[in-house]
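**Student:** Here it is, the structure, as structure tokens.
All of the numbers you see were taken from the coordinates with simple rules; none came from a lab. Values in this document were obtained by computation on a predicted structure and should not be read as measured data. Virtual Cβ from ideal backbone geometry, glycine too; neighbours counted across all protein chains shown.
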Amino acid sequence: MAAQAWKYHESKPTAGRKLLLLEESELIFALPLIYRLINPDAAASKATWFYNLNSYPELVTLLNEVVRLRKKGQLLDNELTKANNMLNQYFSDFGWRMVRKELSQIKKRQKNLILRLVGILFKG
């Protein structure tokens, strides 16, 4: 499944990369971050990150279904598309940009950790 594009709430930027929603390969890193950020207590401290907080229960239900299907090794396309659409409504443009930035940092740290572990294994 190709990456789903972010649908901007405000004007679309004229420069820079387009925002993308979650891909299946990112779920292992993204879901803990998303669950932490969508928590209403956390959302209160970052009000500019959110567009529509009313959909919290529905979003959590969809994310739980994605997790359940992923654990069972089942096809995620429909549920992931629904969850991405809900995330698009939940986060503001700025908020999703910050989520993608944090996710990028998590992925870089994970890649660096794997490279160090491989180095240790082959050295040792």
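**Student:** Would you mind checking the pairs Lys12/Lys72; Lys72/Lys111; Lys71/Lys107; Lys18/Lys123 and listing those with alpha carbons more than 32 angstrom apart?
**Tutor:** Lys12/Lys72; Lys18/Lys123, as the Cα separations exceed 32 Å there.
**Student:** Which of the chymotrypsin sites (Phe, Trp or Tyr not before Pro) found in the stretch 1-86 are loop residues per DSSP with 15 or fewer other Cβ atoms within 10 Å of their Cβ?
**Tutor:** Those satisfying the criteria are Tyr8.
**Student:** Taking the Cα centre of the chain as origin, work out the dipole magnitude from +1 charges on Lys and Arg Cβ and -1 charges on Asp and Glu Cβ, in debye rounded to 20.
**Tutor:** 660
**Student:** Helix 27-38 versus the longest principal axis of the chain: what is the Cα-based angle in degrees, 0 to 90, to the nearest 10?
**Tutor:** Approximately 40 degrees, to the nearest ten.
**Student:** Which of Lys111, Lys101, Lys82 moves the most in a Gaussian network model of the chain with Cα springs under 10 Å?
**Tutor:** Lys111
**Student:** Could you check which residue among Thr61, Thr14, Thr48 shows the biggest mean-square fluctuation in a GNM of the chain with a 10 Å Cα cutoff?
**Tutor:** Thr14
**Student:** Right, next: Could you work out the relative contact order of the stretch 24-123, using alpha carbon pairs under 8 angstrom and six or more residues apart, expressed as a whole percent? Walk me through the numbers before you get to the answer.
**Tutor:** Numbers: 59 pairs, mean separation 34.3, N = 100.
About 34 percent, as a whole number.
**Student:** Measuring from a point 7 Å past the Cα of Ala3 along Cα-to-C-beta, which residues in the stretch 31-66 have an amide N at less than 19 Å?
**Tutor:** Under 19 Å, as judged by backbone N against the label point of Ala3, lie 31-34 of the stretch 31-66.
**Student:** Enter the Cα centre distance for the pair the stretch 51-124 and the stretch 1-17, rounded to the nearest angstrom.
**Tutor:** Each part reduced to its Cα centre gives a spacing of 17 Å.
**Student:** Please list, or write none, the lysines whose alpha carbon is within less than 19 Å of the alpha carbon of Lys46, excluding same-chain residues fewer than 8 places away.
**Tutor:** Lys101
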